[in-house]
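Asks: Input: one structure, supplied below.
Read-outs: derived from the displayed coordinates by stated rules, not from any lab. Everything numeric here is computed off the predicted structure, so don't read it as measured data. We place every Cβ from the backbone using ideal geometry, glycine too, and count neighbours over all the protein chains shown.
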Amino acid sequence: MSYFPNVEKIKFEGTASENPFAFRHYNPEEVVLGKTQREHLRFALAYWHTMTQDGSDPFGLPTNQRTWFGATAMETAKNRVDAFFEILEKLDVDYFCFHDI
């Protein structure tokens, strides 16, 4: 199952791109000072902050509705992992951490 079926893999398109789902400055294969941008900028995604934030704050109840919500807490947890790795693939991010970077 795809949790983000309307989002293609995010690619470098340059500064002239009007695509809101494109990298304009980050080109992972461009060499800068002998290393690719991917080697210089080793992005990581924090699982906890990306996948479990529910939109609540001190003034209100949760507002986020996620495609990975299941009928039970266990189903949601399993779906959340699959959705997270889908995000990593679509953003072409090589690293992740559980909580904070």
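Asks: Which order results if D54, D92 are arranged by neighbouring Cβ count within 10 Å, fewest first? Present the calculation step by step, with values, prior to reporting the outcome.
Replies: On the way: D54 12, D92 15.
In increasing order of surrounding Cβ atoms, one gets D54, D92.
Asks: Going Cα to Cα from K78, which lysines come in below 20 Å? Please leave out same-chain ones fewer than 8 positions away.
Replies: The qualifying lysines are K90.
Asks: Follow-up. Need the C-alpha centroid separation for the range 1-55 versus the range 67-101, integer Å.
Replies: Rounded to whole Å, the Cα centres lie 16 Å apart.
Asks: So how strong a dipole does the chain carry about its Cα centre when Lys and Arg Cβ are +1 and Asp and Glu Cβ are -1, to the nearest 20 debye?
Replies: Roughly 60 debye, rounded to the nearest 20.
Asks: Also, quick follow-up: Considering only DSSP beta bridges where both residues belong to the chain, give the percentage that are antiparallel (nearest 5).
Replies: Counting DSSP beta bridges with both partners in the chain, the antiparallel share is about 40 percent.
Asks: Of N64, A22, L33, which is farthest along the charge dipole of the range 5-68 in the positive direction, counting Lys and Arg as +1 and Asp and Glu as -1 at C-beta?
Replies: Highest projection toward the positive end goes to L33.
Asks: Which of the aspartates and glutamates could a cross-linker bridge to K9, judged by Cα under 15 Å and excluding same-chain residues fewer than eight apart?
Replies: E86, E89, D92, D94
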